[in-house]
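To keep things clear, I will list the structure first and then write my remarks on it.
The values are calculated or read from the model by the stated rules, or taken from the named source; none is laboratory data. All figures in this text were calculated on a predicted structure; none of them were measured in a lab. Cβ placement follows ideal geometry from the backbone for every residue including glycine, while neighbour counts extend to all protein chains displayed.
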Amino acid sequence: MDTPVATLEAQPAPPRELWGKLRRNTAVVIGGCLLALLAVGSLLAPWLSTIDPTLIDPVNRDLLPGASAEVMTFTGETIRHTYWMGSDSYGRDIHSRVLYGGRVSLIVGVTVAALSLFFGLITGLIAGYVRWLDGVVMRVMDGLMAIPGILLAIALVALWRASLLTVIVAITIPEIPRVVRLVRALVLSIREEPYVEAAISVGTSTPKLLYRHILPNTLAPLIVQGTYICAFAILVEAILSFLGVGLPTDVPTWGNIMAEGRLQFQQYPHNVLFPGLFLAVTVLAVNMLGDGLRDTLDPRFNKRGERAL
Amino acid sequence: MLRFLASRLLSTIPVLLIVAVAVFLLLRLTPGDPAAVIAGDMATTEQIEEIRTSLGLDKPIVVQFGIWFGNVLHGDLGESFFFKLTVAELIAQRLEPTLALALCTIVVAVVVAVPLGVLAAWRHGGWLDRTLMGFSTLGFSIPVFVLGYLLIWLVSLKLGWLPVQGYRRLGEGVGPFIRHLILPSLTLSVIYVALIARVTRAAVAEALTEDFVRTARAKGLPESRVLIRHALANAAVPIVTVIGIGLALLIGGVVVTESVFSIPGLGRLTVDAVLARDFPTIQGVILLFSVAYVLVNLLIDLSYLFLDPRIRY
């Protein structure tokens, strides 16, 4: 059950060379482009033939994809609108909801990845470097990791009532121990390196040693791990919403759209399948980006299978 | 050997203890009076007082943990105020569907993933290998519920081959029992297949580079025997390990799959309990899943002794 021990040998490649390597990696290019497309799509949602995603219009409910209808907006004007992905049982435009929902997914994915890396890095550095704390910290992490992540997230959300913040925190907490394990393993292997010994022998202080010599060498595996966490966070957020324990139901998220759509799934499967497709493609894109980054940045950190979700 | 067994058993104790502390603290982290939270929204003042005394909520938190933990060790997980049953009874009622789904999924996943992984390793870098790795990334990415609905739509609604949703107990006949389990198990097994196939591929590919494989081929053994008896047998430890680690994934997936397919198991119980803020039930289910996860992984660690006789702890 050991976390991947990424051994670090090569010096980090100079930026330009690295960029060239990344550009030649198909997985990075495809994943990156898909994600960029999605980010642009959800940021520019207001200008992509959408209407307000919360606009309820009983007249236009249960429209099939591609249907066109008159709709009165919140400002009171009547416009002609095409429901590219149909409408739900409240008459809300699925296309608009899916695009706006992308914002939530991306925010959650990126924030959870950043937060778990940050806290995991600090804890892992301490556990890896301050030996007497190591045992205690790692036992606590083992214990936390024994609770299946999604269950822990569900339970935490139940405690706090859902909001964007609580959902993010609830998904972050189960992820932290996995980062801690990774960082600790990295630190343990790096501190045996001759250059660390050399730095110690010339009297480098511990904080400076951690910051200048150890931290930079943990970055590549951490970036890779961060993308996987991001993908997983997007997935868990959708699962929480889908189960009805995530963000409030009036917030357009992919999970919420699917949760509403499931009630009418037999007649109108598109209400579930469109947001589902976006979710699947997004997670796939992030995972591809992660695989590509792993192969480029850190070829020896190649044990995806050992990352238990 | 005995010393290893003893030390391995002992090392699970702190893990289980920390799980217990975490589950215990879960409730103490809620804003407000824990007794009122445990009793649920519809409890009377007497019920709340009763809980307060039975859990010793007026005592220091360490004592409270002692009382709660003592009860748990006796199998007393408290009482669900939403379902009007003890949590232990609730879990017993819901165990069968979840066990059936989980076992069925593991069997499907292993039967599909191991041969695929072996073939991919055998033709390392070939088209089968690349296709399989592509599908494995896809398998990691497609959300369980999306896949579930896709399969329902295709197999049940369009083709009409299998029931849409629901569950039949084994007691109601083997036929309906299996027909209702096929789609959920398939759905749930995809991510597991992706995980196991990847690890099998890596482990078998590594074993295939060993000298004993060359020897086996040189003495003219059929390739199938080389692959199975020599390569796969030596790759058993990582494969079994990942099956154990993947259980965490499976448990998360069970919660979602049971919701999609309306299966009245522990996963549905978890979601219902969360929606009703039924904390004793949430605690009980999480504790059960976590302990099961830890114990299965303990058994797997012990199985190394049989899978790889070279291992001497």
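Restricting to segment B:89-136, name every residue that is farther than 23 Å from A:ALA27 by Cα, small (Gly, Ala, Ser) and buried (at least 17 other Cβ atoms within 10 Å of the Cβ). Working first, answer last.
Quick first cut of segment B:89-136, residues farther than 23 Å from A:ALA27 by Cα only: B:89-115, B:118-119, B:122.
Filter once more, keeping what is small (Gly, Ala, Ser): B:92, B:100, B:102, B:109, B:113.
Selection gives B:ALA100, B:ALA102, B:ALA109, B:ALA113.
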| query | Somewhere in segment B:102-109, is a residue in contact (Cβ under 8 Å) with a residue 24 or more places away in the chain, within 13 Å of chain A (Cβ to nearest Cβ), assigned to a helix (DSSP H, G or I) and more than 21 Å from the chain's Cα centre (by Cα)? | reply | no
| message | Could you check segment A:251-270 and list, in sequence order, the residues that are assigned to a helix (DSSP H, G or I) and under 27 Å from B:ALA273 (Cα atoms)? | response | A:TRP254, A:GLY255, A:ASN256, A:ILE257, A:MET258, A:ALA259, A:GLU260, A:GLY261, A:ARG262, A:LEU263, A:GLN264
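What number of residues in segment B:184-230 are among the hydrophobic types (A, V, I, L, M, F, W, C) and either surrounded by 24 or more Cβ atoms within 10 Å (Cβ to Cβ) or within 14 Å of another protein chain (Cβ to nearest Cβ) (or both)? Write out each step before concluding.
Let us first name the residues in segment B:184-230 that are among the hydrophobic types (A, V, I, L, M, F, W, C), namely B:186, B:188, B:190-191, B:193-197, B:199, B:202-205, B:207-208, B:212-213, B:216, B:218, B:221, B:226-228.
If we keep only those that are either surrounded by 24 or more Cβ atoms within 10 Å (Cβ to Cβ) or within 14 Å of another protein chain (Cβ to nearest Cβ) (or both) too, we end up with B:188, B:190-191, B:193-197, B:199, B:202-205.
Result for segment B:184-230: 13.
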| All helices (runs of 4 or more DSSP H) inside segment B:1-60 with 1 or more residues being within 14 Å of chain A (Cβ to nearest Cβ) | B:2-28, B:34-39
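Take segment A:265-281 and flag every residue that is under 15 Å from A:ARG97 (Cβ atoms) and either touching a residue at least 40 places away in the same chain (Cβ under 8 Å) or more than 10 Å from chain B (Cβ to nearest Cβ) (or both). If you could, list the steps in order and put the result at the bottom.
Initially, segment A:265-281 is screened for residues under 15 Å from A:ARG97 (Cβ atoms), giving A:268, A:270-279.
A:TYR268, A:HIS270, A:ASN271, A:PHE274, A:PRO275, A:PHE278, A:LEU279 - these are the residues of segment A:265-281 that are under 15 Å from A:ARG97 (Cβ atoms) and either touching a residue at least 40 places away in the same chain (Cβ under 8 Å) or more than 10 Å from chain B (Cβ to nearest Cβ) (or both).
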| message | Take the residues in segment B:33-57 that are at pLDDT 75 or above and among the acidic types (Asp, Glu); name whichever of them is farthest from B:GLY284 (Cα to Cα). | response | B:GLU46
| task | Output the residues belonging to segment B:268-286 that are part of a helix (DSSP H, G or I), more than 9 Å from chain A (Cβ to nearest Cβ) and of a type outside the set (D, E, K, R). | result | B:LEU269, B:PRO280, B:THR281, B:GLY284
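Before we move on, is A:PRO248 modelled with pLDDT of 85 or more, surrounded by 24 or more Cβ atoms within 10 Å (Cβ to Cβ) and part of a loop (DSSP other than H, G, I, E, B)?
Working: modelled with pLDDT of 85 or more: yes; surrounded by 24 or more Cβ atoms within 10 Å (Cβ to Cβ): no; part of a loop (DSSP other than H, G, I, E, B): yes.
So A:PRO248 does not fit the description; no.
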| request: Starting from segment B:149-166, keep only residues that are at the interface with another protein chain (Cβ under 10 Å from one of its Cβ atoms) and at negative phi, then list their pairs with residues that are part of a helix (DSSP H, G or I) and of a type in the set (Lys, Arg) whose Cβ atoms are within a distance under 9 Å, requiring at least 6 positions of separation or different chains. | output: B:TYR149/A:ARG262
| remark: In segment B:154-190, anything within 20 Å of A:LEU263 (Cβ to Cβ) and modelled with pLDDT under 85 is listed as B:SER156, B:LEU157, B:LYS158, B:PRO163, B:VAL164, B:GLN165, B:GLY166, B:TYR167
| Would you pick out the residues in segment B:287-313 that are part of a helix (DSSP H, G or I), aromatic (Phe, Trp, Tyr) and surrounded by fewer than 23 Cβ atoms within 10 Å (Cβ to Cβ)? | B:TYR304, B:PHE306
| query | Hey, among A:ASP57, A:ASP62, which residue is more than 24 Å from the chain's Cα centre (by Cα), modelled with pLDDT under 75 and at positive phi? | reply | A:ASP62
| query | Has segment B:237-247 got at least one residue that is over 24 Å from B:SER7 (Cα atoms), under 19 Å from the mean Cα position of the chain (by Cα), of a type in the set (A, V, I, L, M, F, W, C) and within 9 Å of chain A (Cβ to nearest Cβ)? | reply | no
| request: Answer yes if at least one residue in segment A:131-151 is more than 13 Å from every other protein chain (Cβ to nearest Cβ) and among the small types (Gly, Ala, Ser), and no otherwise. | output: no
| request: Kindly provide the set of residues from segment A:87-144 that are among the hydroxyl-bearing types (Ser, Thr, Tyr) and assigned to a helix (DSSP H, G or I), ordered by number. | output: A:SER96, A:TYR100, A:SER105, A:THR111, A:SER116, A:THR123, A:TYR129
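When you go through B:VAL63, B:VAL21 one by one, which is the residue that is β-branched (Val, Ile, Thr) and closer than 29 Å to B:VAL255 by Cβ?
Values: B:VAL63 fails: closer than 29 Å to B:VAL255 by Cβ.
Matching residue, one of B:VAL63, B:VAL21: B:VAL21.
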| Total residues in segment B:216-261, condition farther than 23 Å from B:ALA203 by Cα, in a helix (DSSP H, G or I) and in contact (Cβ under 8 Å) with a residue 24 or more places away in the chain | 8
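Yes/no per residue for (1) within 14 Å of chain A (Cβ to nearest Cβ); (2) among the basic types (Lys, Arg); (3) touching a Cys at 6+ places or on another chain (Cβ under 6 Å); (4) closer than 24 Å to B:ILE228 by Cβ:
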{"residue": "B:VAL114", "(1), (2), (3), (4)": "yes, no, no, yes"}
{"residue": "B:TRP127", "(1), (2), (3), (4)": "no, no, no, yes"}
{"residue": "B:THR131", "(1), (2), (3), (4)": "no, no, no, yes"}
{"residue": "B:PHE140", "(1), (2), (3), (4)": "yes, no, no, no"}
{"residue": "B:PHE145", "(1), (2), (3), (4)": "yes, no, no, no"}
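Only residues that are of a type in the set (A, V, I, L, M, F, W, C) and either exposed (fewer than 14 other Cβ atoms within 10 Å of the Cβ) or at pLDDT below 80 (or both): list them for segment A:23-54, please.
A:CYS33, A:ALA36, A:LEU37, A:VAL40, A:LEU44, A:ALA45, A:TRP47, A:LEU48, A:ILE51
Specify which of the listed residues (A:LEU164, A:LEU144) is closer than 17 Å to A:PHE232 by Cα and out of contact with any His (no Cβ under 8 Å at 6 or more places or on another chain).
Working: A:LEU144 fails: closer than 17 Å to A:PHE232 by Cα.
Unique residue meeting the criteria: A:LEU164.
Restricting attention to segment B:137-176, report how many residues are of a type outside the set (A, V, I, L, M), assigned to a helix (DSSP H, G or I) and surrounded by fewer than 18 Cβ atoms within 10 Å (Cβ to Cβ). Spell out the reasoning first.
At the first step, the residues of segment B:137-176 found to be of a type outside the set (A, V, I, L, M) are B:137, B:139-141, B:143, B:145, B:148-149, B:153, B:156, B:158, B:160-161, B:163, B:165-169, B:171-173, B:175-176.
Imposing the further condition that a residue be assigned to a helix (DSSP H, G or I) reduces the set to B:137, B:139-141, B:145, B:148-149, B:153, B:156, B:158, B:171-172, B:175-176.
With surrounded by fewer than 18 Cβ atoms within 10 Å (Cβ to Cβ) added as a condition, the list becomes B:156, B:158, B:171-172, B:175-176.
Residues flagged as of a type outside the set (A, V, I, L, M), assigned to a helix (DSSP H, G or I) and surrounded by fewer than 18 Cβ atoms within 10 Å (Cβ to Cβ) within segment B:137-176 amount to 6.
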| message | Of everything in segment A:159-173, what is part of a helix (DSSP H, G or I) and surrounded by fewer than 24 Cβ atoms within 10 Å (Cβ to Cβ)? Give them in sequence order. | response | A:LEU159, A:TRP160, A:LEU164, A:LEU165, A:THR166, A:ILE168, A:VAL169, A:ILE173
